[in-house]
Structures are given as structure tokens and as C-alpha cells.
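J.: Below: one structure in C-alpha cells.
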Amino acid sequence: MEALEKFRQETRAWLEENCPPSMRTPMTSEDETVWGGRNAKYANPEAKLWLDRMAERGWTAPTWPAAYGGGGLTKEENQVLQQEMRRIKARPPLSSFGIWMLGPALLEFANEEQKKEHLPKIVRGEIRWCQGYSEPGAGSDLAGLQTKCEDKGDHYLVNGQKIWTSYADKADWIFCLVRTDPTKKHDGISFLLFDMATPGVEARPISMISGASPFCETFFTDVKVPKGNLVGELNKGWTIAKRLLQHEREMISGMGLGGAGSGAGLGGLEQAAKDYYGEQNGRVASPSLRDHITRQKMDGKAFALTMQRSAEEAKAGQGPGAASSIFKYYGTELNKRRFELLLEIMGTKGLGWEGEGFTGDEITVIRSWLRSKGNSIEGGTSEVQLNVVSKRVLGLPD
Amino acid sequence: MALVLTEEQQLLRDTATQFFQERLPIANLRKLRDTKDATGFDRAIWKEMSDLGFAGIMISEKYGGTDFGPVGLGLVLEQAGRTLAASPLVSTVLLCGSAVQLAGNATQRQDILSAIAAGDRIMALALEEGPHHNPTHIATRAEADGNAFKITGKKTFVLDGHVADQLIVAARTSGNENDRAGITLFLVDPKSEGVKITRTLMVDSRNAADISFDNVSVPATAVLGSVDGGIDVLEQVLDIARIGISAEMLGLVQEVFDTTLAYLKERKQFGKVIGSFQALQHRMATQFAEIELCRSVVLDALSALEARRNDVPLIASLAKARLSDTATVMTNEGLQMHGGMGMTDQFDVGLFMKRARVATASFGDGNFHRDRYASLEGY
């Protein structure tokens, strides 16, 4: 306890000294998110400074071992760090699929050489990663993927196409699921890393309904990959893939709690309703809308309590309870409903696309409403999640 | 925040589980119903429950209680909900015991709390006057008459009202119908002159009564708490009851869910168990999610009571609204998935649906509590 308190004092002092003032303000747009990488551009030099200072201590990946550039913190110390960062409203220094998804998988499945090569660069934000999972013919049935990977003696040769590759056009490297045995399904998949600058790799952004293009189609034509880039055993990639999906789902579930882009700029559902609809005697003027808002708020609170309960159960050593299996499904559906309600509240002010007729917050809500539709599709659709609950948790047969 | 049970609490839950399964299984409720039992619950078993400490679970050891607290009581109620156990837990322990604990003077506490803890006294709260829960809608009047009060009015939906040894009556000593101020709680002997009690036979086969008061004279010592200040006590008491009955409903929905799941794994059509059909699987998975959320809400509400948090009214309304709504949906889903057998009296799912309806209407349904939640939140 005493050591932890000492750590808190030191951390607080260090953050006070090293977190630049502009990094203690809320982000005003998604463009300000720091993703790192070879081609990173920093409109605000303090963002780069903040990243470098945090990376120097390994605090971009606080719990990774120091030997690989991580912070080497215990869970408790990391909690303190996060609390202290929240205290001064510090922005995350780095957002990274490398940290959230690939890193934990490398720590578990990669060989020493691979860990030494890739993990420190992830920590420092030098290399930006993307995930090559889905294919045009392999969505919910991910294990049906067909991107071909042939053993050519001194290298692998990759041919095929991925889709929904987030930020592939901006990423430096890809972690990719490839088919190394066409005669088997789950047991014919391998986990491969390669440089997006390799000849034969092409990423084309896809225009989405929200107007943004965060996803790409990614084509591989005779891409030569060194054999040392295979993670884990040949044909055993599905195990790694599943573990990674777990991390991804946890990441997406948090959306139900209403974070960035949730219309927070409008002051919450009830305030927005008073502003856009009007109030009578302190109440939202429409009783029906008021009731809908309450249902939404109650479900949101119940969901937050359930995530909290699950965390407490895990901490008490009761393992990840069955409740965690519903997070991805419930959190994303909740988030979608929230945006539908927000648009109802905003009326015609919730129908703008761009330009002077609408505030920045209004446009953000409208774009986020459209973006939110993907939440219940990406990382395993709601239907797949319900299948998982039915079979694994409830024990219902095929 | 404690959303995880302590060892002591787990032990209590196990004791309660075993007790209700062995001593008050659903067969007990069926027997009371089929024999048109005059009491509507088994007094001997209520005595056993008090011996186990269930009746005195909220009462301090000074009065012979076990003082296990709201979380403990919630665990007992949840298990009672699983077997539809008919007992005076809600009327006597949740409502009246809490009222006396909160507002009673030393004499009243000594007399009443020790009798409740010993299982020797059944009590009932006479509050409602209309078809919807509305704690301030009180037209029943208590006129001061020298050193006494004379109560006149009509109460309805008084849980365990026809078997109570003692009543707590909410009456107006000043102000107008729907005023918050001016409500006073009185301890009334149901055998007093002018009290007329009519048992109402309810769909859930549990107890309730209509009670009318015609110039019923009670002494000033019968006032529970302060004259005109009853609403503050009532609101706290009702929040305890709302949270407690939510715990009962949690047991109810969990039992319907478990029973339905077992049925889906056993019933065959088209040559396979119907639980293999995705149309049913997804509906069950959805209900699983809803019930997990219910569990978190009930646990948080119970620990809010235990820690005397200031958001008790808010979380009580959240719990009662969510459990009421989920109980309606889950009992409907359960019945539908049981097919024609679900429509028969032989299967239990119908009994759960009936109890869910009554529990939903008790102390405010989803509509009441969403409205209250919004008002508490200032919109």
C-alpha cells in the first residue's frame, strides 16, 4: 500500500511536469487522435512531445514488460497511472492497434526475436499496424478466409484480398490471417506479419455512409514475405486470431458507455431534449420523448453496472463471468439506440450533412449516428454474438 | 460498491436456497390456492423462517433480529422469488418493520420489532387508495379529537391486510389530496370498531385486502413518527420495498429463464430439440443479457441501501422499472416457448406470469418509476 502511494506521488509529479498544457484539453475532432507511424503528421508539436515523453517511460503500454519497451507496471500501478492521467484530463498519448490488439497477442504467441523486433516500435509509436482479417467472402464466417500463402522455400508468397482493413492506407505493417492449408478450415490458417511497403500490396479506401473512409480494400499480388514473419506455428493461426478478436470486442463494447463522438457536446440526452424540444415546468416537453430518454439512460446505467460487476468478479478471482459474453452485443446495440434517440431529439437539426446551417457538434452526431451502425457488424455481428451466448453460455445445441 | 457477494452472504444465500426449495416449493403455493386457505400462507413455516433469522434480517440484535442488512434480505427474497414462496416478508418485514425501525419511538420499536423478529406478529401497510401506486394520493382523513384521532377512509391492495395482527395506516391530518405534507402514519388494531376488512382474491393467489375505516378511534400514542410528516418515512420505506420486491422478481425471472432453457433442451419437434433453432436461441440469449443487467441493478440497489447512499431513490426506481419490464417480457417469452403446455395449469410458467403481474403493480410499475426517475434527474 505504501509503495503504491509513493508511486502515485511520483507519477503525479512527473505528469504535472511532463504533460504539455494542450494535451490536458479534450480533443475537438477525431483528427487530433495520435496514431503514430512512419508518416505521422503532428499539427500540434506538443502531441509529439507528449508521445515521446510517455513512450520513453514505456507508459504508452504501461503493463508490457520493460524488456520490450513497456512500462513494466503492475495492474495496480497501471490503475494509479490511469487515475492520475484522468485527474489532469490527459489525452491518451497514442492510439494504436499495435497496443490494443497485436501487442498482447505477440507477448503470448511470438518468439523472442519477434517480440524484440516489434514491441518496442509499437510502444514508441514508430510503426502503425493494421489488421488483415475479413475478406469479401469471409465476414461472419471468418475462418472461411481464402488469402493464399504458399511456402516458396526461402519465403512465403501471398495472394488474395482483404476488406474492412481499418486505416490500411495509413498503416506501416499488417498482421494478417492467411490460408496455408486449403484442405482444412480452422486448422489451415496462419498468422503472418508483413510490411505494407512490400511490392504487391495495395490499399484502396472505401467511402462509407458516414462520409469518412476509415476502411480499405487491401489487395495482395505476389507479395514476398520473409519466413521469420510467421507468428506461432504454421496452421495454428486461428488460436491467435480468436484471442485477438477478444481484445477487439472488449474495445468495441465500451462504446455503449458513450465516449467520444457520443454527442457529449450537446450536454447529454436530457439537456439536448430541453434545448431542441423545449421544456415545461422543468420537464422535457414531450412525455413520450422523456420516457424514451429514461429508458435509454436506465439501460445505459444497468449496462455500466454490469461491466463494473464483471470487473469486480474478475478481481475477486471468480474469473470472467458469463456476463462478459453479452458486452459486445449489448454495448453496441445500446450505442446505436442512443444515436437514434439523439437524432429524434434534434429534429431537423439532426439531418444536416455539412456546411454553415449546423454546428460542429450537430454534424459530429449525424456522422457518428451513421458510423455507429457498424458497431454491431464489426468484430463479430450481434447475431454472431448471440450465437456464441446460445452455444457456449446457454449450452444450446446446433 | 459491492457487486460481489462476501462469503457470509453466499452462505446465507445457500441456506435460503435450500430452505425455499425444501419448505416452500411451488407445490406449497398450489396447495394454499387449491384448498382456498384462509390465511394465504403457512404460519408454521413463517415461524421456521423467523427461527432462521429471515424475519429479523433487517432488525438489530437488540430486538432479537439478525441485522444481516439489506443485501442479506435481498438474497432471501431472490430465493423466495424462485419458488413463488407465499410469506409475509414484504408486508411485515420490508414495509412495516422498516417503518417502525425508521419512525418508531423506543416503546413502539421494542414492542413491534421484537414481535416481528420472533415471527409472532403479521403486519400490513394500508396505503393505496386507487388502482395505481400513488403514495401522496391520500383522501383518508384522521381528525384530531381531543387526545385521539378518528380515521375515516378506504384503502385497497393492502398486502396481507386480512391476516394482519396490526396495521399501519397512512391518513391525512392536514392539507388536500395529493399534497406531500399532511400525511401521518398510525398504528391501528384491525379489531378496532369501524374497521372493515375484505380479502381480495388476487391472480397470484397471494394475499391482499380492501380495508375501510369508519370513524376509527386511535389514541395519540398510535402515531408512528411525526404528525403531518409521514411522507418522508413512507418514501424511504417504499424504496426499501421496491428494491426488495425487485430482488424477489430477479429470482422469479431467473427461475423462468432456467426452466425455459431446460425445456428447450428437452422438447423435440421436427426430429430435434427445439433449443437447436436459432429463432429461439437468439431470444434466449437476449433475455440472458437482460437478466444479467437486472442482477447488476438489484445488487447495486441493495448495496446502496446497505451503505445508505444518497442515490437510493434513483436506483430503487431503476431497479423496480427494469425488473418489472423484464419480468413481463421473460414470463411471456417463457410461456410462448413452452407452447401449449405453457397454457396449462399443470406447468408452473403461468404461475410465474401471474405473480409477475402483481409484483409489477406493487409499489409502482415501469411507467411510474421511469416518470419518477426523470423527475429525480431533473428533466
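The values are calculated or read from the model by the stated rules, or taken from the named source; none is laboratory data. All values derive from a computational prediction rather than experimental measurement. Ideal geometry is used to build each Cβ from the backbone, glycine not excepted, and the neighbour counts take in all protein chains shown.
J.: Do the conditions hold for B:LEU29, that is, is it assigned to a loop (DSSP other than H, G, I, E, B) and closer than 18 Å to B:ASP348 by Cα?
T.: Answer is no for this residue.
J.: Do we find that B:ASN332 is among the polar types (S, T, N, Q) and more than 9 Å from chain A (Cβ to nearest Cβ) in this structure?
T.: When the stated conditions are applied, B:ASN332 passes them.
J.: Restricting segment B:278-293 to residues that are at the interface with chain A (Cβ under 7 Å from one of its Cβ atoms) and among the hydrophobic types (A, V, I, L, M, F, W, C), which is farthest from A:LEU396 (Cα to Cα)?
T.: Across segment B:278-293, the extreme among qualifying residues is B:LEU293.
J.: Given B:LYS272, B:LYS265, which one is touching a strand residue (DSSP E or B) at 6+ places or on another chain (Cβ under 8 Å), surrounded by fewer than 24 Cβ atoms within 10 Å (Cβ to Cβ) and within 9 Å of chain A (Cβ to nearest Cβ)?
T.: Result of the check over B:LYS272, B:LYS265: B:LYS265.
J.: Please count how many residues of segment A:316-340 are surrounded by 20 or more Cβ atoms within 10 Å (Cβ to Cβ) and within 18 Å of A:LEU266 (Cβ to Cβ).
T.: 4
J.: Can I ask one more? Limited to segment A:360-398, what total is found for residues that are in a loop (DSSP other than H, G, I, E, B) and either of a type outside the set (Ser, Thr, Tyr) or without any contact (Cβ under 8 Å) to a residue 40 or more places away in the chain (or both)?
T.: Of the residues in segment A:360-398, 9 are in a loop (DSSP other than H, G, I, E, B) and either of a type outside the set (Ser, Thr, Tyr) or without any contact (Cβ under 8 Å) to a residue 40 or more places away in the chain (or both).
J.: Considering each of A:GLU312, A:GLU270 in turn, give the residue that is of a type in the set (D, E, K, R), at the interface with chain B (Cβ under 7 Å from one of its Cβ atoms), within 21 Å of B:LEU302 (Cα to Cα) and in a helix (DSSP H, G or I).
T.: A:GLU312
J.: What number of residues within segment A:174-212 are of a type in the set (Lys, Arg) and not in a strand (DSSP E or B)?
T.: 2
J.: Which ones in segment A:283-302 are over 29 Å from the mean Cα position of the chain (by Cα), at the interface with chain B (Cβ under 7 Å from one of its Cβ atoms) and not basic (Lys, Arg)?
T.: Answer for segment A:283-302, where residues must be over 29 Å from the mean Cα position of the chain (by Cα), at the interface with chain B (Cβ under 7 Å from one of its Cβ atoms) and not basic (Lys, Arg): A:VAL284, A:ASP291.
J.: Also: Quick one: count up the residues across segment B:130-153 that are touching an Asp or Glu at 6+ places or on another chain (Cβ under 9 Å) and under 23 Å from B:SER217 (Cβ atoms).
T.: Keep residues of segment B:130-153 that are touching an Asp or Glu at 6+ places or on another chain (Cβ under 9 Å), which gives B:132-140, B:149-153.
Now restrict to residues that are under 23 Å from B:SER217 (Cβ atoms): B:138-140, B:149-153.
Total meeting the criteria: 8.
J.: With the requirement that a residue be within 17 Å of A:GLU56 (Cα to Cα) and free of Cβ contacts under 8 Å to residues at least 40 places away in the same chain, what does segment A:99-116 give you?
T.: A:ILE99
J.: Is there a residue in segment A:344-355 that is part of a helix (DSSP H, G or I), out of contact with any Leu (no Cβ under 6 Å at 6 or more places or on another chain), within 13 Å of chain B (Cβ to nearest Cβ) and surrounded by 19 or more Cβ atoms within 10 Å (Cβ to Cβ)? Before you say what the answer is, go through the steps one by one.
T.: First, the residues of segment A:344-355 that are part of a helix (DSSP H, G or I): A:344-350.
This time we only want the ones that are out of contact with any Leu (no Cβ under 6 Å at 6 or more places or on another chain), so: A:344-349.
In the following step, the residues that additionally are within 13 Å of chain B (Cβ to nearest Cβ) were identified as A:345.
Filter again for surrounded by 19 or more Cβ atoms within 10 Å (Cβ to Cβ), leaving A:345.
Checked segment A:344-355: at least one residue is part of a helix (DSSP H, G or I), out of contact with any Leu (no Cβ under 6 Å at 6 or more places or on another chain), within 13 Å of chain B (Cβ to nearest Cβ) and surrounded by 19 or more Cβ atoms within 10 Å (Cβ to Cβ).
J.: Let me ask another. May I ask you to say which residue of B:LEU238, B:LEU185 is at pLDDT 95 or above, surrounded by 22 or more Cβ atoms within 10 Å (Cβ to Cβ), at negative phi and in a helix (DSSP H, G or I)?
T.: Exactly one of B:LEU238, B:LEU185 is at pLDDT 95 or above, surrounded by 22 or more Cβ atoms within 10 Å (Cβ to Cβ), at negative phi and in a helix (DSSP H, G or I), namely B:LEU238.
J.: In segment A:162-217, what residues are farther than 28 Å from A:LYS121 by Cα, surrounded by fewer than 14 Cβ atoms within 10 Å (Cβ to Cβ) and among the polar types (S, T, N, Q)?
T.: Of everything in segment A:162-217, those that are farther than 28 Å from A:LYS121 by Cα, surrounded by fewer than 14 Cβ atoms within 10 Å (Cβ to Cβ) and among the polar types (S, T, N, Q) turn out to be A:THR183, A:SER207.
Each row is one residue, and each column tells you yes or no for (1) under 29 Å from B:ASP300 (Cβ atoms); (2) of a type in the set (D, E, K, R).
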| residue | (1), (2) |
| --- | --- |
| B:THR17 | yes, no |
| B:PRO25 | no, no |
| B:ARG33 | no, yes |
| B:MET49 | yes, no |
| B:GLY53 | yes, no |
| B:GLY64 | no, no |
| B:GLY74 | yes, no |
| B:ALA85 | yes, no |
| B:VAL90 | yes, no |
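J.: Given the criteria in the same structural domain as B:ASP345 (by TED's automatic domain parsing) and surrounded by 20 or more Cβ atoms within 10 Å (Cβ to Cβ), does B:GLU255 qualify?
T.: Numbers: in the same structural domain as B:ASP345 (by TED's automatic domain parsing): yes; surrounded by 20 or more Cβ atoms within 10 Å (Cβ to Cβ): yes.
The answer is yes for B:GLU255.
J.: I need the full set of residues from segment B:199-212 which are under 20 Å from the mean Cα position of the chain (by Cα), surrounded by fewer than 19 Cβ atoms within 10 Å (Cβ to Cβ) and in contact (Cβ under 8 Å) with a residue 12 or more places away in the chain, in order please. Step through it out loud before you land on a result.
T.: Step one: of segment B:199-212, the residues under 20 Å from the mean Cα position of the chain (by Cα) are B:199-211.
From what's left, surrounded by fewer than 19 Cβ atoms within 10 Å (Cβ to Cβ): B:199-203, B:210.
Across segment B:199-212, the qualifying residues are B:ARG199, B:THR200, B:MET202, B:VAL203, B:ASP210.
J.: As an exercise: evaluate B:SER296 against (1) more than 10 Å from chain A (Cβ to nearest Cβ); (2) assigned to a helix (DSSP H, G or I) and give the number of the one condition it does not meet.
T.: Of everything listed in (1) more than 10 Å from chain A (Cβ to nearest Cβ); (2) assigned to a helix (DSSP H, G or I), B:SER296 misses just condition (1).
J.: Does any residue in segment B:1-30 that is more than 23 Å from A:ALA323 (Cβ to Cβ) come within less than 6 Å, Cβ to Cβ, of a residue that is not polar (S, T, N, Q) six or more places away or on a different chain, and which pairs are these?
T.: B:PHE20/B:ALA80; B:PHE20/B:ALA85; B:ARG23/B:ILE45; B:LEU24/B:ALA85; B:ILE26/B:LEU84; B:ILE26/B:ASP348; B:LEU29/B:LEU84; B:LEU29/B:ALA86
J.: Answer yes if at least one residue in segment B:343-351 is within 14 Å of another protein chain (Cβ to nearest Cβ), farther than 25 Å from B:GLN281 by Cα, surrounded by fewer than 21 Cβ atoms within 10 Å (Cβ to Cβ) and without any contact (Cβ under 8 Å) to a residue 24 or more places away in the chain, and no otherwise.
T.: No: zero hits.
J.: From B:LEU293, B:LEU323, B:LEU318, B:LEU280, which residue is touching a residue at least 24 places away in the same chain (Cβ under 8 Å), over 20 Å from the mean Cα position of the chain (by Cα) and crowded, with 22+ Cβ neighbours inside 10 Å?
T.: B:LEU293
J.: Does A:LEU305 qualify as being buried (at least 19 other Cβ atoms within 10 Å of the Cβ), more than 10 Å from every other protein chain (Cβ to nearest Cβ) and part of a helix (DSSP H, G or I)?
T.: No, not satisfied.
J.: How many residues does segment A:234-255 contain that are without any contact (Cβ under 8 Å) to a residue 24 or more places away in the chain and more than 30 Å from A:SER372 (Cα to Cα)?
T.: Result for segment A:234-255: 0.
J.: With the condition kept exactly as written, say whether any residue in segment B:77-89 is part of a loop (DSSP other than H, G, I, E, B), hydroxyl-bearing (Ser, Thr, Tyr) and in contact (Cβ under 8 Å) with a residue 24 or more places away in the chain.
T.: Scanning segment B:77-89 turns up at least one residue that is part of a loop (DSSP other than H, G, I, E, B), hydroxyl-bearing (Ser, Thr, Tyr) and in contact (Cβ under 8 Å) with a residue 24 or more places away in the chain.
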